[in-house]
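What follows is a single structure, written as structure tokens, with notes after it.
Nothing in this text is a laboratory measurement; each read-out follows from the coordinates by a stated rule. In this text, all values refer to a predicted model and were calculated from it rather than measured experimentally. Methodologically, a virtual Cβ is constructed for each residue, glycine included, from the backbone with ideal geometry; neighbour enumeration extends over all protein chains shown.
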Amino acid sequence: MSTFHVPAVDISAYVQGGTPEEKAAVAAAIDTACREVGFIQILGHGVAPELADGLASAMDDFFALPTAEKSRWRRPAAENRGYTPPKSETLALSAGVQSETRMKDFFEAFNVGSSVSDHPGAELVEAHYAANTWPEVPDFQARIDAWRAEAARVARTMVTVFEDALGLERGAISRLATHPIEVLRMNNYALPEGTRVEVDEDMIGMGEHTDYGIVTILWADRVKGLQVLHGGEWHDVSPAEGALLINLGDLTTRLTNEQWLSTLHRVKPPIVEGTIQRRRSAAYFFDGDAEATVGPLPAFVDDEHPRLYRDVTVDEHIAAKLAGSRAGVLNAAAGREAARVLTAGR
Ligand SMILES: O=C(O)CCC(=O)C(=O)O
Ligand SMILES: [Fe+2]
């Protein structure tokens, strides 16, 4: 393929308190990366490597359990929590793309997120803040919560960088996230031992989609499989040692009136000796307050740049996306994302 690279940006000036000049250089690099790619490797994020080890080992412990045990932790499609067995979700439907021939995505996942009890006193659209359930795996919750807290910190730092990079006043985006919908989706891409894969045509770990919210903080192991769409072609991405990937979600596309685009991505783990090579990732989605209204910010609308999106609540937007991925209802409101998918090669 081509010489595509995911840009790498060291954000330590924002993490450790750099000079205004150092911060301006980071913000400028993020602006370029967001305009050109929308997927970035972040260095200098300050997350201790042991926390990533803890996350990965917690995932290994859970996904190694027998299917019947894992299935005890299934939750209704309307609650984005708990265990998702393989082939129960179809991410392409969240992006408004119908896929008639292809089987459902083969990833399995375990989801946790912020709950009503995390926001005492706030008036919440409760459907987005369901309680977590925790499997009986020793230290599972402690390992996951330690990661989640740091992912949340990095997400908030990125929002500050975004505000600077876009020339917005502080708070222009963060005011939309005072009690944000947050989900950590831990993904395991594996087929039962001995499953032979003869044709890879329809074999998709996770279908093409854009993430839904403001920003995603993505930990991934270094097995290939993640692909991003750039310049009409799919490109493999794996993070450098110690880097975290971040990518823009659709709410940021809407806020910036497409100055910055949420990047389409999908997962096709490698086939080695006739079977899928196991791969793991954990996506932390930072999605904004459910009742907040999101539309193009005034700074991005003028005669040459008419509004491309009507105002929506985060609730409305996320619910339509989740109905696509989790409940199989094609998201008719994702016309602009679907158009981008359809112009891409498969
Ligand atoms: O597995 C990956 O690297 C990406 C996962 C992803 O895109 C998601 O969970 O939304
Ligand atoms: Fe994603």
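Tabulated data for the structure shown
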item	result
Two-decimal log10 I(q)/I(0) for the chain, as the Debye equation yields it once each C-alpha is a single scatterer, q = 0.07, 0.13 Å⁻¹	-0.27, -1.01
Cα-based shape type of region 59-129, given that a ≥ b ≥ c are square roots of the gyration tensor eigenvalues and the cut on a/c is 1.5	oblate
Nonlocal amide H pairs with Gln259, under 5 Å, H built at 1.01 Å	none
Theoretical gain in end-to-end length, Ala77 to Ala339 [0.36 nm per residue, Cα-Cα removed]	91.7 nm
Charge sum, other residues only, whose C-beta stays under 11 Å from Ser57's C-beta, Lys/Arg counted +1 and Asp/Glu -1	-3
For the chain, calculated [θ]222 nm from helices alone, where every DSSP H run of n ≥ 4 adds -39500 (n - 2.57)	-9000 deg cm²/dmol
Antiparallel DSSP beta bridges within the chain, as percent of all bridges there, nearest 5	90 percent
Mean Cβ neighbour count within 10 Å, used as a protection proxy, ranking 237-249, 104-116, 47-59 highest first	104-116, 237-249, 47-59
Sequence-distant residues sharing a close amide H with Thr275 (under 5 Å, placed H)	Val197
The chain - charge dipole about Cα centre, Lys and Arg +1 at Cβ, Asp and Glu -1, debye rounded to 20	660 debye
Calculated over region 171-327: convex hull of Cα atoms, volume per residue (Å³)	140 Å³
Angstrom value of the Kirkwood radius, inverse mean 1/r, which spans all Cα pairs in region 108-170	14.2 Å
Dipole axis of the chain (+1 Lys, Arg; -1 Asp, Glu on Cβ), positive-most option in Tyr129, Gly44, Leu166	Tyr129
Bins of 10 Å, starting at 0 and running to the largest distance - Cα pair percent for region 51-193	10, 32, 34, 20, 4, 0
Relative packing of peptides 278-284, 222-228, 75-81 - highest average C-beta neighbours within 10 Å first	278-284, 222-228, 75-81
Along principal axes, Cα extents of region 263-313, largest first, whole Å	56, 28, 15
Taking N as its residue count, the alpha carbon Rg of region 270-346 over 2.2 N^0.38 Å	1.53
Neighbourhood net charge (11 Å Cβ-Cβ; Lys/Arg +1, Asp/Glu -1) for Arg170	-2
Residues with amide H under 5 Å from that of Tyr129, placed H, sequence gap 5 or more	none
